[in-house]
Amino acid sequence: MAYLYLSAAHKSSGKTSVSLALCGALVQRGLVVQPFKKGPDYIDPLWLGQAAGRPCVNLDFYTMASDEISDVFAQTMQGVDIGLIEGNKGLYDGLDLDGSNSNAALAAQVDAPVVLVLDTQGMTRGVAPLILGYQQFDPNIRIGGVILNKVGGVRHEAKLRQVIEHYTGVPVLGAVQWHPDMHISERHLGLVPSNELARSREQIARMVRRVVDQVDLEVLLALAATAPVVESPCQTATPPPIEGGEKVRIAYARDEVFGFYYTDDLAALCRAGAELIPFSPLHDGGLPEADALLIGGGFPETHLEQLAANTAIAGQIKDFIERGGPAYAECGGLMYLSRRLTWQGRQGKMAGIIPADVVMHDRPQGRGYVRLMETAEHPWPGGDEVAAHEFHYSALENLAPEVDFAYRILRGQGIDGAHDGVRYRNLLASYTHLRDTRHNHWAGRFVDFIRRCQS
């Protein structure tokens, strides 16, 4: 069992591109590769999971207890040849001044050797004080090597290697030259999700070929092998299947538009007694037979004309909810259930269930971690404050004044800065993305609510 933590000096260093290419390269060697992503991101894990052939697991200090992170990591690493944890932002970046929720804190907690992916554009001798500073800032962090990224050519690489060898002694594990093959298109929320790109597998294959030629995988594997043996997870790492109760069928939206689901949340729904049936609001002519609906996050604005044209399935979704069918929608799902969506001068009718219009803006309207307090309108309450996150460029306009809200905002923006979670009949739709964790087992509560709606 071996693992590494891939981090960087700052965001947009090309860390995700290198990480997913490494996943694919190690899979080519016949290794079982388990990717992890630090933080609440959905998009990077889609790419990492596709490259590794295994679902990526998020590790997040804000929504998870520290010991829960260790348990989930240990459990997920069982039967794996190598784990690869991709950080977010820079190695020492985090919410708190003391760095308690930084990438460095997570690397220290799991005792992972760190590989820094460095954006070397316009840099030569300056790479040395950067590496030295990162080494000395926290002596508990094991920086085992660097991968030079966006290198300008052979001469640039030679200068960088000479400087690093002379001043730091940190091994250079590879030098990835700048090339369009290593670039993934970006949009307002970050990388374009892999589920949206028809040729994402070809994109990954091109990136793998470049990394195989430019990174010393043998040295990388040797560094990963210095990680300590992961202790077996405690008995409570994964809750046992919930006994009793009828199976429920949940139709969940999954296509090029809707794809933001945490792997472990889907697993939690199954443990609670759900059978998950994927469907596409974009392509399908009707809903599958189901007891409930789940419409996760995504980018309905990029396909608004196609969504608006599929009036058959939108009508069935509306009929299902109007009849009291239980449903849960997050962010992109909330947008799809509104009256209409406007983006860049284009407009399309949506499902028309939530009495509001959605307008896309040039800047984020809600971004970051949130804390919520449930109200009496919550259809399947848990009773505690909810730690979650949001990231949306859209906002609701012309919202009907009689709307009931399931959450009061303690931190974050939500729908109007004070509330989130529209409650309509047995639908809950919010900008907030929930995570099923020890302190918020929303999946089990939702499944129980579905059963109650059937009785």
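No value in this document is a laboratory result; all are computed from the given coordinates. Predicted model only: the values in this text are computed from it and were never measured. Cβ placement follows ideal geometry from the backbone for every residue including glycine, while neighbour counts extend to all protein chains displayed.
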Quote the FRET efficiency, to the nearest 0.05, computed for residue 67 versus residue 263 with a Förster distance R0 of 25 Å and r equal to the Cβ-Cβ distance. 0.80
Calculate, in nm to one decimal, what residue 162 and residue 400 gain on full extension: separation in residues at 0.36 nm each, minus their alpha carbon distance. 79.2 nm
How much net charge surrounds residue 392 when only other residues with a Cβ under 12 Å from its Cβ are counted (Lys, Arg +1; Asp, Glu -1)? -2
If you average 1/r over every pair of different alpha-carbon atoms in region 248-454 and take one over that average, what Kirkwood value in Å do you get? 16.7 Å
Per-residue ellipticity at 222 nm attributable to helices in the chain (runs of n ≥ 4 DSSP H, -39500 (n - 2.57) apiece, nearest 500 deg cm²/dmol) works out to -9000 deg cm²/dmol
Using 7 Å Cα-to-Cβ label points, what is the residue 276/residue 439 separation (nm, one decimal)? 2.4 nm
Taking the Cβ of residue 170 as the center, what net charge do the other residues with Cβ under 12 Å away carry, scoring Lys and Arg +1 and Asp and Glu -1? +1
Taking every DSSP bridge whose two residues both lie in the chain, the antiparallel percent to the nearest 5 is 40 percent
Here, residue 201 and residue 305, labelled 7 Å along Cα→Cβ, have an inter-label distance in nm of 2.9 nm
With label points set 7 Å from each Cα along the Cα-to-Cβ direction at residue 132 and residue 226, the distance between them in nm comes to 2.1 nm
For residue 404, enumerate residues with amide H under 5 Å from its amide H, sequence gap 5+ or separate chain, H modeled in the peptide plane. 423
Lysines within cross-link reach of residue 247: Cα-Cα under 28 Å, excluding same-chain residues under 8 positions apart? 318
Additional length obtainable on full extension of the chain from residue 125 to residue 408, 0.36 nm per residue less Cα span: 96.7 nm
Figure the gain on full extension for residue 344 and residue 183 (residue separation times 0.36 nm, minus the Cα-Cα span) and round it to one decimal in nm. 55.5 nm
Rounded to the nearest 0.05, what FRET efficiency do residue 312 and residue 367 have when you use their Cβ-Cβ distance and R0 = 41 Å? 0.75
Could you please report the charge total around residue 270, scoring K, R as +1 and D, E as -1 over all other residues with beta-carbon less than 12 angstrom from its beta-carbon? -1
When region 2-224 is reduced to its Cα atoms, the Kirkwood hydrodynamic radius in Å: 17.4 Å
